[in-house]
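Reviewing the structure listed below.
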Amino acid sequence: MSLYRQVTEKPWNQVGLPDGIEARPTFQVPDQKVALVLFVIVACVLFSLLTVSYYLRIAWGAGDWVPVSEPATLWINTGVLVACSAVFQWSVIQARRQEAIRLTSMAGLLFVAGGLLTLVFIAGQYTAWQTLIGGGYTLQSNPANAFFYLLTGVHILHLAGGLWVWTKALFNMRSGANPGDSRLSIELCTWYWHFLLLVWFGLFYVLSTT
Amino acid sequence: MAYVPLADQDDPHALHDPHSFITKYVWSQDHKVIAIQYGGTAIFVGLIALGLSILMRLQLGFPDSISWIDPAFYYQAVTMHGMIMVVYLLTALFLGGFGNYLIPLMCGTRDMVFPFLNMLSFWFYLLSVIILLASFFVTGGPAGAGWTLYAPQSITAGTPGSGGGMLLMLISLAVFIVAFTMGGLNYVTTILQARTRGMTLMRMPLSIWGIFTATVLGLFAFPALLVSAIMLGFDLVLGTSFFMPAMMQLGEQSTQDGGSPILFQHLFWFFGHPEVYIVALPAFGLVSDVIATHARKNIFGYRMMVWAIIAIGGLSFLVWAHHMYVSGMNPYFGFFFATTTLIIAVPTALKVYNWVLTLWQGNIRLNTPMLFAIGFIFTFVHGGLTGLFLGNVIIDVPLADTYFVVAHFHMVMGVSPVLVLYAALYHWYPKMTGRMYNETMGKVHFWCTFLGTYAIYLPMHYLGFLGVPRRYYEMGNTDFVPATAQALNANITIAAIFVATAQVLFFINIFMSLRKEKDAGGNPWGATTLEWQTPDTPPKHGNWGPELPTVYRWAYDYSVPGAKQDFIPQNEPGEEYEKTFHTRGHS
């Protein structure tokens with residue numbers, strides 16, 4: 001039954017069990033997936049507001065905006081993050097083929113590799129910060145710099161949150177969680193990393209065009 | 001381990017039934033315990049905010065009668081009163097308290113879908129409260145720039161609490177938002193995914209619709225507060241200039257310059273206006289159920305009520321700049337926001353009509369929850385109508401920053417939600433405790449609160465017309481304000497002290513009734529919704545005993561013609577309908 005039909009029915013007319021005897025969730029997916037999608041929407045709102053603030057600060061500020069010249073490291077970091085997503089996606093594909101999912105299996109190893117590559121990305125972002133600070137682009141000296149650190153920082157915090165869940169999933173896999181749960185963990189982590197890759201594309205575009 | 005088919009396994013909730021005091025009442029993952037923890041904490045900070053308001057009123061009604069209320073303390077009291085009441089009391093009590101208690105019970109589930117996250121949500125909330133209260137004890141005291149925390153005022157030296165107090169306020173807000181997000185994801189997922197069989201979306205009680213929509217609003221609106229809090233914190237601690245314009249301080253040019261204070265206002269109100277509805281929508285929902293139950297009538301226009309809740313929720317994101325008419329905005333911009341503000345009155349008025357029409361020819365029982373609910377209709381209509389005045393730019397400009405505004409928003413989002421809170425607390429008290437409260441004491445409490453709040457806020461409208469400015473510590477040389485205004489102010493203060501004192505009745509009532517009053521039974525009101533049909537009262541861990549309830553009908557089958565009783569519970573199959581999908585003849 002479509003959502004539209006559900007909210008337009010006349011409940012006072014109906015007595016009995018419209019859907020048969022089974023309880024039916026609104027969306028036929030695991031609860032964790034619903035929660036993740038909700039969280040992704042909330043994070044989208046957060047990043048959108050940050051981006052809007054970015055442009056409004058340019059428009060409404062006192063004309064003191066001096067664009068940052070982005071270090072070339074960012075391109076390498078982007079490549080690393082793309083690799084993260086690709087490895088995670090590969091891990092999902094492997095997990096669907098495997099009966100049991102262990103850390104030492106192909107899916108498990110790829111899952112571990114995805115998380116480690118994320119750490120490389122974070123280290124790369126830190127290097128970019130160091131380059132900027134070395135070049136005199138400090139946090140206080142210009143709002144463009146402040147926004148650069150703020151936006152990249154909030155993005156890293158989201159990755160760190162993902163890594164926390166990733167760590168929990170690793171421990172569960174090690175202690176032999178059932179394959180369905182592990183498959184779901186891998187899939188949800190992958191979705192989240194894809195989302196953060198898209199966010200990064202957006203942020204990188206915004207940062208480098210202004 | 002031998003393989004056991006899923007159907008033959010023991011109920012997982014029975015296995016995890018907590019036994020020790022710590023897991024049962026402190027680190028509890030049971031939604032009912034978490035709800036009471038949330039509610040207790042919220043009411044506790046609410047009492048602090050109530051105390052602060054009395055101190056403010058003493059200064060306004062009887063200037064300089066208490067020597068230690070200096071201007072700095074006055075502004076800090078104003079700020080903390082506002083922030084605590086809006087965020088830490090109302091948001092937390094409606095969503096963390098009633099949301100937690102009612103969602104699983106009304107939807108027929110054993111608990112939230114993520115109980116651990118739910119527990120974490122409460123402890124983060126408690127942490128945010130502790131951080132906020134800690135700001136009373138730092139050098140310079142708590143933040144004192146008004147609850148709107150407008151930059152650059154709020155973080156400029158010279159404003160009370162602009163250093164440590166402000167920093168703690170921002171950290172506390174950030175922690176609160178994390179807590180809310182954890183709770184909110186849980187409430188929404190539970191309502192969407194875990195409803196028991198037969199509980200279609202349109203069979204949900206309006207309480208759930210209100211809580212659900214408000215939670216979604218919160219999830220979308222709180223990020224704006226988080227963004228403004230983070231950026232303001234950067235400006236305060238790290239010396240960036242997101243919001244800080246060039247300023248002269250003590251004859252010296254500040255190091256920060258170029259920032260946009262208006263940007264802060266937009267971000268703040270993009271959160272701030274939906275926040276009004278985060279508080280109002282659960283109140284709308286709860287009051288609908290209280291009115292239908294005690295009027296023994298189905299809610300008038302259930303579908304319209306649901307759609308109105310959703311429409312108000314959507315529109316609430318398009319009206320924020322009506323808080324900023326005097327910030328020097330483009331007139332066309334103001335025109336747009338005035339228009340959206342008036343449009344939002346349409347679904348809101350629809351709800352008011354439907355409450356009144358539910359009462360029409362109902363078999364009304366004027367007990368305490370019902371009195372509070374009817375009182376809410378009065379105060380809400382009153383506050384809503386003054387909102388129409390203030391929503392128009394041309395009327396708002398002269399009335400901005402006067403007591404008219406104070407009267408308006410206290411009526412519409414202070415008194416009204418609090419009356420609903422009392423209605424709901426009295427209404428669900430028998431379910432939460434298994435005891436009946438003292439009816440006489442409850443009624444006295446209602447009349448003192450209802451008439452008392454009118455004695456406070458009605459005169460404030462006239463103070464506003466006289467041009468008495470809000471946020472002033474004392475009047476000074478304001479010749480245009482007649483001397484009689486002071487007499488009015490003194491009366492308001494006396495009324496405020498009276499109302500605050502009357503709240504003691506509530507606490508005496510709920511604590512005394514725990515011991516003395518008679519057993520309430522499982523369903524003292526003859527209500528239809530699922531929470532009144534639990535096998536135990538108060539409901540035990542897991543709520544429903546061995547089997548989950550099945551829902552056969554909507555939540556408002558009161559006084560159905562031909563039925564044996566004047567209510568039919570949602571889980572009552574009904575003889576003629578037995579397990580088939582049946583359409584009644586009339587529509």
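The values are calculated or read from the model by the stated rules, or taken from the named source; none is laboratory data. Computed from a predicted model, the values in this text were never measured in an experiment. Here the Cβ is made from the backbone with ideal geometry for all residues, glycine too, and neighbour counts use every protein chain on show. Note: areas computed on protein heavy atoms with side chains; ligands, DNA, RNA excluded. Shrake-Rupley method; radii C 1.70, N 1.55, O 1.52, S 1.80 Å.
Summary table below
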| read-out | value |
| --- | --- |
| Helix-only mean residue ellipticity at 222 nm for chain A, each DSSP H run of n ≥ 4 adding -39500 (n - 2.57), per residue, nearest 500 | -26000 deg cm²/dmol |
| Percent carbon-and-sulfur accessible area, chain A, ignoring ligands, DNA and RNA, probe 1.4 Å | 67 percent |
| For the range B:548-554, Karplus couplings with θ = phi - 60° (6.51, -1.76, 1.60), whole Hz, Gly/Pro x | 5, x, 10, 9, 10, 8, 6 |
| Per-residue average of Cβ from other chains inside 10 Å of A:147-156 | 2 |
| 44 Å tail of the calculated P(r), chain B, as % of Cα pairs | 19 percent |
| Space enclosed by the convex hull of the alpha-carbon atoms of the protein assembly as shown, per residue, Å³ | 180 Å³ |
| Distance (nanometres) between label positions extended 7 Å along Cα→Cβ at A:Ala123 and B:Glu547 | 6.0 nm |
| Residues B:Leu451 and B:Tyr353, FRET efficiency given R0 of 25 Å [Cβ-Cβ distance, rounded to 0.05] | 0.50 |
| Burial order of peptide ranges B:478-484, A:165-171 (average beta-carbon count within 10 Å, highest first) | A:165-171, B:478-484 |
| Compactness of the range B:476-562 as Cα Rg over 2.2 N^0.38 Å, two decimals | 2.05 |
| Whole-angstrom gap from the range B:20-75 to the range B:351-424, using each part's C-alpha centre | 24 Å |
| Mean ellipticity per residue at 222 nm, deg cm²/dmol - from DSSP H runs of n ≥ 4 across chain B, formula -39500 (n - 2.57) | -19500 deg cm²/dmol |
| Nonlocal amide H pairs with B:Thr402, under 5 Å, H built at 1.01 Å | B:Arg470 |
| Estimated vicinal HN-Hα couplings, Hz - the range B:345-357 in sequence order (Karplus 6.51, -1.76, 1.60; Gly, Pro = x) | 5, 5, x, 5, 5, 4, 5, 4, 4, 5, 5, 5, 6 |
| Charge sum, other residues only, whose C-beta stays under 14 Å from A:Thr210's C-beta, Lys/Arg counted +1 and Asp/Glu -1 | -1 |
| Exposure rank, largest accessible area first [B:Lys516, B:Lys431; 1.4 Å] | B:Lys516, B:Lys431 |
| Nearest-0.05 FRET efficiency for A:Ala113 and A:Trp75, computed from C-beta distance (R0 25 Å) | 0.70 |
| B:Arg435 long-range amide H proximity, modeled H, under 5 Å | B:Ala520 |
| Projected label distance in nm at A:Trp164 and B:Leu458, using a 7 Å step from Cα toward the beta-carbon | 5.2 nm |
| Average other protein chain Cβ within 10 Å of Cβ, residues B:544-553 | 2 |
| Cβ-based net charge around B:Gln486, under 14 Å, with every Lys or Arg adding one and every Asp or Glu removing one | -2 |
| The range A:72-210, accessible area per residue, ligands and nucleic acids excluded (1.4 Å, Å²) | 45 Å² |
| Segments A:96-106, B:106-116 sorted - mean Cβ within 10 Å per residue, highest first | B:106-116, A:96-106 |
| Angstrom value of the Kirkwood radius, inverse mean 1/r, which spans all Cα pairs in chain A | 19.8 Å |
| Dipole axis of the range B:459-565 (+1 Lys, Arg; -1 Asp, Glu on Cβ), positive-most option in B:Asn543, B:Trp532, B:Gln565 | B:Gln565 |
| Simple Cβ-charge dipole of the protein assembly as shown, Lys/Arg +1 and Asp/Glu -1, about Cα centre, in debye nearest 20 | 1040 debye |
| Residue-span extension gain [B:Ile364 to B:Phe335] - 0.36 nm each, minus C-alpha spacing | 6.1 nm |
| Solvent-accessible ranking of B:Cys448, A:Cys44, A:Cys189, largest area first, probe 1.4 Å | A:Cys44, B:Cys448, A:Cys189 |
| Rh (Kirkwood; distinct C-alpha pairs) - the range B:225-296, Å | 15.1 Å |
| Extension gain, B:Lys443 back to B:Met304 (0.36 nm per residue minus Cα-Cα distance, nm) | 46.9 nm |
| Inter-chain shielding of B:239-251 (mean C-beta neighbours from other protein chains, 10 Å cut-off) | 3 |
| Sequence-separation-based contact order of the range A:72-210, relative, with Cα cut under 8 Å and 6+ spacing, percent | 33 percent |
| Interface size A-B, as summed buried accessible area [1.4 Å probe, Å², nearest 100] | 4800 Å² |
| Efficiency of FRET from Cβ geometry, B:Phe498 and B:Leu385, R₀ 25 Å, rounded to 0.05 | 0.45 |
| Cβ charges +1 (Lys, Arg) and -1 (Asp, Glu), total dipole of the range A:71-187, debye | 220 debye |
| Relative contact order of the range B:246-353, pairs being alpha-carbon contacts under 8 Å that are 6 or more residues apart, as % | 27 percent |
